[in-house]
């Protein structure tokens with residue numbers, strides 16, 4: 001019987017290990033070394049049942065094809081730089097107020113809703129028409145500048161998720177089809193999230209982002 005990765009799981013290969021993000025459970029986990037080869041065989045098209053494959057089924061990593069499985073989300077694009085690199089930071093008061101308001105709204109959303117529900121709402125909005133090319137980059141640059149300035153007053157250290165959600169919400173409101181990206185690193189395990197337009201990171205976090213392996217892009 002053919003198997004597929006369960007819907008709601010995203011994965012990446014980080015430092016030689018297979019790491020998963022389970023949005024519904026709001027958790028990250030690694031495959032154990034004894035079952036990782038079976039997962040890699042499955043990726044190569046060999047899903048013959050054995051004890052290791054059964055372990056992946058028992059852990060609900062794999063499900064029968066057509067039963068709760070679905071097409072994986074598009075692979076995140078590796079970041080290659082900061083959108084604001086070399087740009088002067090300036091923003092009108094209204095843009096700063098919008099950044100502050102979006103940040104506090106994101107904090108409230110995270111207290112009231114599960115991450116999976118928030119991601120679902122973002123993905124449901126993907127069909128709304130947006131800006132393209134240089135028009136999108138210029139609008140994103142203005143929004144990012146406001147958030148970079150507002151960050152001097154907001155307590156953003158260790159709060160990458162509300163900051164990213166706030167920035168994404170303002171981008172989407174103005175027609176900028178940016179992505180919310182989650183990444184991981186091992187030894188020790190840490191996770192991070194950020195907003196990316198193409199291969200450029202908004203709000204000057206590339207030096208931090210580049211040490212993380214992207215595991216999920218919400219578009």
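Which percent, nearest 5, of DSSP beta bridges in the chain are antiparallel?
95 percent
State the Cα centre-to-centre distance between the stretch 202-219 and the stretch 111-137 in whole Å.
17 Å
So what are the stretch 3-64's ellipsoid semi-axes, whole angstrom, largest first, if each one is the square root of 5 times an eigenvalue of the alpha-carbon gyration tensor?
Those come to 17, 14, 10 Å.
Quick one: angle between helix 93-112 and the longest Cα principal axis of the chain, in degrees between 0 and 90, rounded to 10, please.
Helix 93-112 sits at roughly 30 degrees to that axis.
Once label points are set 7 Å from the Cα along Cα→Cβ at both residue 152 and residue 101, what is their separation, rounded to one decimal in nm?
In this crude label model, residue 152 to residue 101 measures out at 2.3 nm.
How many nm is it between the label spots at residue 141 and residue 174, if each spot is 7 Å from the Cα in line with the beta carbon?
That separation, rounded to one decimal, is 1.2 nm.
Taking the chain as the reference, fit the longest principal axis to its C-alpha atoms, fit the long axis of helix 133-150 to the helix C-alpha atoms, and give the angle between the two in degrees, 0 to 90, nearest 10.
Taking Cα atoms only, the helix is inclined about 80 degrees.
Expressed as an acute angle from 0 to 90° and rounded to the nearest 10, what is the orientation of the C-alpha long axis of helix 115-124 relative to the principal long axis of the chain?
70 degrees
Taking the chain as a Gaussian network, where each spring joins two C-alpha atoms under 10 Å apart, which residue of 77, 13, 121 fluctuates the most?
Of 77, 13, 121, the Gaussian network model singles out 121 as fluctuating most.
Using just the Cα positions, wrap the stretch 28-120 in a convex hull and report its mean projected area in square nanometres, one decimal place.
It is 10.3 nm².
In deg cm²/dmol and to the nearest 500, what is the mean residue ellipticity at 222 nm of the chain if only DSSP H runs of at least 4 residues count, each as -39500 (n - 2.57), divided by the residue total?
-11500 deg cm²/dmol
So what is the relative contact order for the chain, in percent, with contacts set as C-alpha pairs under 8 Å and at least six apart?
For the chain, the relative contact order is 27 percent.
Any read-out appearing in this document is the output of simple, stated calculations on the displayed coordinates, not a laboratory observation. From a predicted model like this one, the values you see are computed outputs, not experimental measurements. Don't worry about glycine lacking a Cβ; one is built from the backbone with ideal geometry, like all the others, and counts go over all protein chains shown.
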